[in-house]
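The values are calculated or read from the model by the stated rules, or taken from the named source; none is laboratory data. These figures come from a predicted structure and were not determined experimentally. Heads up, the Cβs are rebuilt from the backbone with ideal geometry, glycines too, and the neighbour counts pull from every protein chain shown.
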Amino acid sequence: MHRLLCADPTDQNAIKQLMNGKEADMIFTDAPQSDESFEKAIKNMISFSKDGSIHYICSDWKRMYEILLRLFFTTILMPPTKLFSNFIK
């Protein structure tokens, strides 16, 4: 099933209504330009996605280093219990 939202990716209520209790397998988005909005949008994407989901983030190439760095700190450095929960049985 496909879902489309033309709204602010930092608006958690809009995303919650769109997802209706489901989690995304894939997200395609245009990242907000301000640092605060960008971080909030990334956290929203993660919170409404399945583990192992794919996120396509469109942005100016000049921000690529920042995007990768922020993704590293919001996903790789999360608590190990969440990161490795699928591998520990």
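Structure values in brief
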quantity	calculated
Residue match in region 77-88 (condition: more than 10 Å from the chain's Cα centre (by Cα), of a type in the set (Val, Ile, Thr), part of a loop (DSSP other than H, G, I, E, B) and modelled with pLDDT under 75)	yes
Close pairs (6 angstrom Cβ cut-off, 6 or more residues apart or separate chains): under 14 Å from Ser47 (Cβ atoms) in region 16-27, part of a strand (DSSP E or B) and of a type in the set (A, V, I, L, M) anywhere	none
Filter result (over 10 Å from the mean Cα position of the chain (by Cα) and farther than 20 Å from Cys6 by Cβ) within region 26-49	Asp35, Glu36
Lys22 touching a Ser or Thr at 6+ places or on another chain (Cβ under 6 Å), of a type in the set (D, E, K, R) and either surrounded by 14 or more Cβ atoms within 10 Å (Cβ to Cβ) or not in a helix (DSSP H, G or I) (or both)	no
Qualifying positions in region 25-51 - of a type in the set (Gly, Ala, Ser) and assigned to a strand (DSSP E or B)	Ser49
